[in-house]
Amino acid sequence: MKKFNSFPSNLPISKLLLDNHLPVDTKNLEVGQLQELADEVREFLLYSVANSGGHFGAGLGAIELTIALHYVLNLPEEKIIWDTGHQAYPHKILTGRKLQMDKIRQLNGLAAFPSITESPYDAMSVGHSSTSISAALGMNEGNKSQQSDHKNFAVIGDGAMTAGIAFEAMMHAGHLGNDLNIILNDNDMSISKNVGGLSNYLANVWASKTYKKLKSSGKQALRQLPYALHLSRNVKQSLKHAVMPGNLFEDIGLNYIGPIDGHDIPLLVKTLKRMLEKQEPYLLHIITKKGAGFEPAEAERIKYHAISKIEPTPKSSSPKFQDIFSNWLCHQAARDEKLIGITPAMKEGSGMVEFEKKFPDRFYDVAIAEQHSVTFGAGLTLSGMKPVVAIYSSFLQRAYDQLIHDVCLENLDVTFALDRAGIVGEDGPTHSGNFDLAFMRCIPNLTIFTPSDENELWLALNSAYQYKGPAAVRYPRGSGVGQPITASEELIEIGKSRKIFDGNKCCILNFGVLLNRVEKFAQSNGFGLHDMRFVKPIDEGALNEISQNYQYIVTLEDHTTIGGAGSAVGEFLHSVKSEANLLSLGLQDEFPVHGSRNEILAINGLDEIGIEKSIKNFLN
């Protein structure tokens, strides 16, 4: 493997990697040429991501595996289901998309993850983790029903393997006993450092010198004996269970192979070909290095999970909302020893690194286990603690039953910090938090805050934490508007809005961080403006007064208009038989494309120009 210590500044010249490289071009090479191809892919990936930004640490570690899979499979008839897709950049480069990599994660460019609408070589659109085994099993059973002998491979990282759905799929596969190929790409990382029993189990397997030594020496001795193949298999199984009692994967019905070096292309090709000959469920355990071949990424794997586009002069910006949460969490924890911080594998993204350093005994990273994170918080509450669950809005979707059944039904005092609410931007529809108001607003007992800036976020977090019941505070990805924090201990009265100014004819009701986009327009036109602060309970007193004093009411939210804040206002106006006219501005009833946050908001008419145009048309 060729090593790099910096990003290439010029477009690399490739001998084997073609501009429109397809899997058939890889299959036409000799096995001895594949590492050279891998080196060229690695160099180009470094160059392209430096110019476009994006995920690349996991992709660097999966280059050799990608090439081996392309070499032995007949794509696109046979499928590779990537999990979660962070590792699929080399796959994109090698499936005819090399020259489009400079526009990845940009408006009208390539998606950040595999997408079935983008290429026939992408077997499934993925962005959330741990879905590959279920999908591959379904594809295989479908092939079986149609008498097709096409092979499919699920490639799942050891971080994604911690989620319950992965084990549900493996147990189903073990029960069926039919053809299924799983590759466990073990790099000891997801985005944050992997934690939990499975991570420790895999580490122990890899570190077991006894097993590797016995396996190797046993092969040499058995070659001299009659019936060696049959005997070797039996002895191998006995050794596994003697050195690794209760082999996890074989105990649920999978044939386990490995661990093997995931950067050894000839070994990968040989092993994959043998798996293709079998008609049973197999799991191949490979060991790779996240960031492989790029020395800075090998040394700092979390930092180089993904990078922004490298700019000559980085732009200064206001603190990110996740940083405001981080500061608040540490501040509050210093005041209340019962505060417990929980994250499902998003310590860095949710801003909990500093909290872990200062309060390690009160920090829990539960791995990619969103359902568990919520019910774990419920259990902590029942024991007298004060949990704060920091979770992306789109990831809370995976724990909806737990939110309802284990927290809200029992009216438990759990605080949810919902990062990445609303449009996320470059990561596209899988990560956009467009639906949380709709799916939370219908749940009894749950209080929902929609802060409009950094100081309001601090106030909301204070108030949610002190509130005796379940409460969720939603805020977007990225930087705020530059509003300084002035309210270190202040609280908001639950269900009460704040009036920005009075006006005539039209009143704008803001829910969330779009307030600064409408404030000047409202003031210059003499419109009323309220920052509603809450979606639930909504300020009915203010709404009743507004409905009596204004002919036109406009709601503004970074959320789908179906079931969101505008719907809540409409329901109230209907209940009081108001004659006021209502316009709800928010996200359209479609999954957003990828691009910058401002670009996607503009597409939805939520930039300043779009908002003004919609309101003027409404009034006319």
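Here are a few things to note about the model shown:
- Selection of segment 399-416 for residues being more than 17 Å from the chain's Cα centre (by Cα), in a helix (DSSP H, G or I) and surrounded by fewer than 24 Cβ atoms within 10 Å (Cβ to Cβ) yields Asp401, Gln402, Ile404, His405, Asp406, Cys408.
- Of all residues in segment 473-494, those that are farther than 23 Å from Arg335 by Cβ have Cβ atoms under 9 Å from Cβ atoms of residues that are open to solvent by 70 Å² or more (accessible area, probe 1.4 Å) and of a type in the set (Lys, Arg), 6 or more apart or on another chain, in Arg477/Lys320; Gly478/Lys320; Ser479/Lys320; Gly480/Lys320.
- Residue ID - least open to solvent (accessible area, probe 1.4 Å), chosen from residues in segment 345-380 that are of a type in the set (Ser, Thr, Tyr) and not in a helix (DSSP H, G or I): Ser350
- Residue ranges of strands (runs of 3 or more DSSP E) in segment 460-565 with at least 2 members surrounded by fewer than 16 Cβ atoms within 10 Å (Cβ to Cβ): 498-501
- If you go through segment 461-482 and keep only what is closer than 14 Å to Ala390 by Cβ and touching an Asp or Glu at 6+ places or on another chain (Cβ under 9 Å), you end up with Tyr465, Ala471, Ala472, Arg474, Tyr475, Arg477.
- Residues (aliphatic (A, V, I, L, M), open to solvent by less than 30 Å² (accessible area, probe 1.4 Å) and out of contact with any Pro (no Cβ under 6 Å at 6 or more places or on another chain)) located in segment 574-610: Ala580, Leu585, Leu587, Leu601, Leu606
- Test result for Lys92, open to solvent by less than 20 Å² (accessible area, probe 1.4 Å) and of a type in the set (D, E, K, R): yes
- For segment 434-454, residues that are more than 21 Å from Val424 (Cβ to Cβ) and within 27 Å of the chain's Cα centre (by Cα) total 4.
- If you check Ala472, Ala542 for being more than 33 Å from the chain's Cα centre (by Cα) and within 25 Å of Ile443 (Cα to Cα), only one passes: Ala542.
- For segment 381-398, a residue qualifies if it is in contact (Cβ under 8 Å) with a residue 40 or more places away in the chain and in a helix (DSSP H, G or I), and the qualifying residues are Ser393, Ser394, Phe395, Leu396, Gln397, Arg398.
- Residue match in segment 161-168 (condition: within 30 Å of Asp19 (Cβ to Cβ), at pLDDT 90 or above and not polar (S, T, N, Q)): no
The values are calculated or read from the model by the stated rules, or taken from the named source; none is laboratory data. What you see is a predicted model, and the numbers here were worked out from it, not measured in a lab. Methodologically, a virtual Cβ is constructed for each residue, glycine included, from the backbone with ideal geometry; neighbour enumeration extends over all protein chains shown. Surface accessibility is based on the protein's heavy atoms, side chains included, excluding ligands, DNA and RNA. Shrake-Rupley method; radii C 1.70, N 1.55, O 1.52, S 1.80 Å.
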